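Enquirer: Below is a structure I'd like to ask you about.
The values are calculated or read from the model by the stated rules, or taken from the named source; none is laboratory data. Keep in mind that this is a model prediction, so the values were computed, not measured. Cβ atoms come from the backbone with ideal geometry, glycine included; neighbour counts cover every protein chain shown. Note: accessible area is taken over every heavy atom of the protein model, side chains too, but ligands, DNA and RNA are not part of it. Shrake-Rupley method; radii C 1.70, N 1.55, O 1.52, S 1.80 Å.
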Amino acid sequence: MAIEAALAHCEEFPDRHDWRSYLDVSTDTLWYTDGDRRDAVGGGLELAATAALHGVTITHEEGRTPANPAEGRCQQWLAGLVAGQGWEFHRNVKVKDPFPDPDTGQLRFTGEFDAVLRRGHRVVCVEHKTSNGPQVRPVAKSLLQDAGWTLALAQRVFGAATGVLLVHDGDPDPTLVTQLREINPYLNGGRVFGCAAEELHAHFPDAATLSATFFGGEAKGIPDGSAFPQPSPPAEQHPRTGAPVLMALGGSRLGVLASTAAHQPDPMRLLYSRESEQELRGIKDAVRCALFALEHPSTAMDRTVIRDGRLRRQYERGYEARVKCAPRAVSTGHVADAVEVGARALDELPPDSPPPVVDITTGTKAMNLGLALAGRARGGCVTYISAHTRTIHCREHGEVGRVPEVHMDWGRVIRAQRGYRRATLEQVQAANAHAATWLDLELLATAAEAAQRQLRRWGRDGDLWVDTAMLPDAPEDLRRLSIAQRPSVVLTAADRALGLTAPKQRTNTSTARKRWAHATFAATKVVQQMCGPAGRTLALLRPDAGAPTRADELRRWMAWYGGSEPEEIAADEAPEELTAHEEMYRPELCTANPGSPELSDEVGSALATLFPR
């Protein structure tokens, strides 16, 4: 919708670039479609208003002194660091619960942050872990184990661009940041940093370094947009398969592979940002293999041939040249830069090439708008593929077909999320003791069995993928600490995926229910990173596990992207009232006992949303 509105505006008002801008929250910069930039004005927006934009109410107790002196010194130092530098500093920020206590009617709090720093649209939440005695778990381990929950809450309250600073009063560990990245795929690429309190001075000598750590350096200018492209008349008919295709990387690999199946491009050019640069090699190989499988299906399915290396020889016959990346990264948020890079990629095509197709199924709004403008200047089409219906929509020609149901190489899709392996139901049932402590293994196994049984009834083949941290031979590494914050089992069939997560509520306490909700939200995020709207997450819970109603309230609040009123959040809309984009962030709840008819019905219902009959 945003791309369509921007393109229509460019057509109606081609010279009014000052009316079209993209906000880069990481630098508080407004980028205009001609390459001009201005600093965004965010100083008038209060912290509470920032949270209110996301449907959240907060309070902060500035005068309350932390019980632990180390935490107090840390807050005092951070306040001094940002004083006079345009940053606000708030202590003891509490997140109000939208649901009053049913027994007392009193207000409750969903969570809190020890401190919050804000400058314009940039927010950093601070969590300080302290060790209060010899019986508590090691403070650094506590920080690692709670990192996913802290980030999930921070981004729910202040938005996806929020940073989290995790501080502990233990001994310094130079590998802590690396451990934070490794412990949970949800934290990969996130704005998360951790260190010991005594290291704060070394890591953050000034406020500018603090900002750069979480949000990158200051925005840099690019050449002006004097060559802003004007559209050329599109072709009378939408091009058939085999046309040049331009796409922007971003989101899941599945969207790129679905577009490959839809267009069978010749050639395909992928634009990328600095944030998605690490995905380049994997996605290029995945697209080349997908093209090979589409054009040589019998050979591609022959595992012996693949092992013998004939697949690589097929690459040498043209697949390497057919799938390439743009010559350089596109600057985040810069529409004009995407126009320039996209135009350069089109200039490299043979002169007799048909008009290009710009597919905006993946990638950021700014990159896609720039690509669309560059492609339309060559008489190209702009397409979007609905992951939910597989329909191909062309801006110029309307609905132009549907992507056939493709049997994806899920090994290449899930490979982006380290730590999953194809497994059998018996391996799920034989998980290790650590997994049994944190996960309801019986509920997971019977749900996975019910899903496989339902797929067989529909005549479909499905694979089970299991989190390797669950397996008996799993090393005792960091991934075990966050085992409840990932989907334990992922069931894949064709080009759809269902993630199953069943964190245990080990105690019937408010903290346990909050952690359950946060863990299911984090697991949903992992599924979304794997396959976007083509995946769903089913959160499993026994009826007698604590307070299912309260856990469900928190689950829906964590995943809500709509209205902010409690009564709106409390009402579960029918699936047809939510878009596929909204659904992928919203884990479904299954409250049932292992092996019960209710469990089979709920699992079947979740699969039916992925495979409508």
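Enquirer: What do you reckon, is Gly380 buried (at least 24 other Cβ atoms within 10 Å of the Cβ), among the small types (Gly, Ala, Ser) and under 20 Å from Pro533 (Cα atoms)?
Expert: Criteria not met by Gly380.
Enquirer: Quick one: is Ala49 within 30 Å of Val335 (Cβ to Cβ) and open to solvent by 40 Å² or more (accessible area, probe 1.4 Å)?
Expert: When the stated conditions are applied, Ala49 does not pass them.
Enquirer: Residues in segment 60-102 that are out of contact with any strand residue (DSSP E or B) (no Cβ under 8 Å at 6 or more places or on another chain), over 22 Å from Thr209 (Cβ atoms) and of a type in the set (A, V, I, L, M, F, W, C): how many?
Expert: Count: 2.
Enquirer: Would you check if Thr65 is closer than 23 Å to Leu165 by Cβ, crowded, with 19+ Cβ neighbours inside 10 Å and of a type in the set (S, T, N, Q)?
Expert: Taking the combined requirement at face value, the residue does not satisfy it.
Enquirer: Exposed (fewer than 14 other Cβ atoms within 10 Å of the Cβ) and under 18 Å from Ala372 (Cβ atoms): is that true of Ala5 in this structure?
Expert: On the way: exposed (fewer than 14 other Cβ atoms within 10 Å of the Cβ): yes; under 18 Å from Ala372 (Cβ atoms): yes.
So Ala5 passes the test.
Enquirer: Run Gly318 past the list (1) modelled with pLDDT under 85; (2) loosely packed, with under 13 Cβ neighbours inside 10 Å and report the number of the one that doesn't hold.
Expert: Unmet condition: (2).
Enquirer: From the list Asp39, Asp24, Asp15, exactly one residue is charged (D, E, K, R), touching a Ser or Thr at 6+ places or on another chain (Cβ under 7 Å), open to solvent by 70 Å² or more (accessible area, probe 1.4 Å) and farther than 27 Å from Ala196 by Cβ. Which is it?
Expert: Asp39
Enquirer: A further question on this structure: Residues of segment 17-32 being part of a loop (DSSP other than H, G, I, E, B) and modelled with pLDDT of 80 or more, which ones?
Expert: Arg20
Enquirer: With the condition kept exactly as written, say whether any residue in segment 401-417 is touching a Cys at 6+ places or on another chain (Cβ under 8 Å) and at pLDDT 80 or above.
Expert: No, every residue in segment 401-417 fails to be touching a Cys at 6+ places or on another chain (Cβ under 8 Å) and at pLDDT 80 or above.
Enquirer: When you look at Val126, is it closer than 25 Å to Ala484 by Cα, touching a Gly at 6+ places or on another chain (Cβ under 8 Å), modelled with pLDDT of 75 or more and in a strand (DSSP E or B), yes or no?
Expert: no
Enquirer: Let me ask another. For residues that are surrounded by fewer than 24 Cβ atoms within 10 Å (Cβ to Cβ) and not in a loop (DSSP other than H, G, I, E, B), tally how many sit in segment 362-377.
Expert: Selection size over segment 362-377: 1.
Enquirer: Additional query: For segment 429-463, name all the residues that are open to solvent by 40 Å² or more (accessible area, probe 1.4 Å) and acidic (Asp, Glu).
Expert: Answer for segment 429-463, where residues must be open to solvent by 40 Å² or more (accessible area, probe 1.4 Å) and acidic (Asp, Glu): Glu442, Glu449, Asp461, Asp463.
Each row is one residue, and each column tells you yes or no for (1) within 26 Å of Leu23 (Cα to Cα); (2) touching a His at 6+ places or on another chain (Cβ under 6 Å); (3) modelled with pLDDT under 90; (4) crowded, with 16+ Cβ neighbours inside 10 Å.
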{"position": "Gly84", "(1), (2), (3), (4)": "yes, no, yes, no"}
{"position": "Glu88", "(1), (2), (3), (4)": "yes, no, yes, no"}
{"position": "Val116", "(1), (2), (3), (4)": "yes, yes, no, yes"}
{"position": "Pro134", "(1), (2), (3), (4)": "no, no, yes, no"}
{"position": "Ala140", "(1), (2), (3), (4)": "no, yes, yes, yes"}
{"position": "Asp146", "(1), (2), (3), (4)": "no, no, yes, yes"}
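Enquirer: Next up: For Val466, only one of the following conditions fails: (1) open to solvent by less than 20 Å² (accessible area, probe 1.4 Å); (2) part of a helix (DSSP H, G or I); (3) more than 20 Å from Asn593 (Cβ to Cβ). What is its number?
Expert: Result: Val466 fails condition (2) only.
Enquirer: Looking only at residues in segment 60-71 that are not hydrophobic (A, V, I, L, M, F, W, C) and not in a loop (DSSP other than H, G, I, E, B), which one is farthest from the chain's Cα centre (by Cα)?
Expert: Step by step, filter segment 60-71, then rank; the result is Pro69.
Enquirer: Something else now. Looking only at segment 72-122, count every residue that is touching an Asp or Glu at 6+ places or on another chain (Cβ under 9 Å), outside any strand (DSSP E or B) and of a type in the set (A, V, I, L, M) and tell me the total.
Expert: Total satisfying the criteria: 3.
Enquirer: To continue, here is another question. For segment 328-359, which positions are assigned to a loop (DSSP other than H, G, I, E, B), open to solvent by less than 30 Å² (accessible area, probe 1.4 Å) and under 17 Å from Pro239 (Cα atoms)?
Expert: Leu349, Pro356
Enquirer: Now, a different point. Being among the hydrophobic types (A, V, I, L, M, F, W, C) and surrounded by fewer than 23 Cβ atoms within 10 Å (Cβ to Cβ) is the filter; apply it to segment 95-114 and report the residue that is modelled with the highest pLDDT.
Expert: Keep residues of segment 95-114 that are among the hydrophobic types (A, V, I, L, M, F, W, C), which gives 95, 99, 107, 109, 113.
Now narrow it down to the ones that are surrounded by fewer than 23 Cβ atoms within 10 Å (Cβ to Cβ): 95, 99, 107, 109.
Numbers: Val95: 88, Phe99: 73, Leu107: 70, Phe109: 76.
Filtering first and then ranking leaves Val95.
Enquirer: Looking at the structure I just gave you, is Arg453 in contact with a Gly (Cβ under 7 Å, 6 or more places away or on another chain), in contact (Cβ under 8 Å) with a residue 12 or more places away in the chain and basic (Lys, Arg)?
Expert: No, not satisfied.
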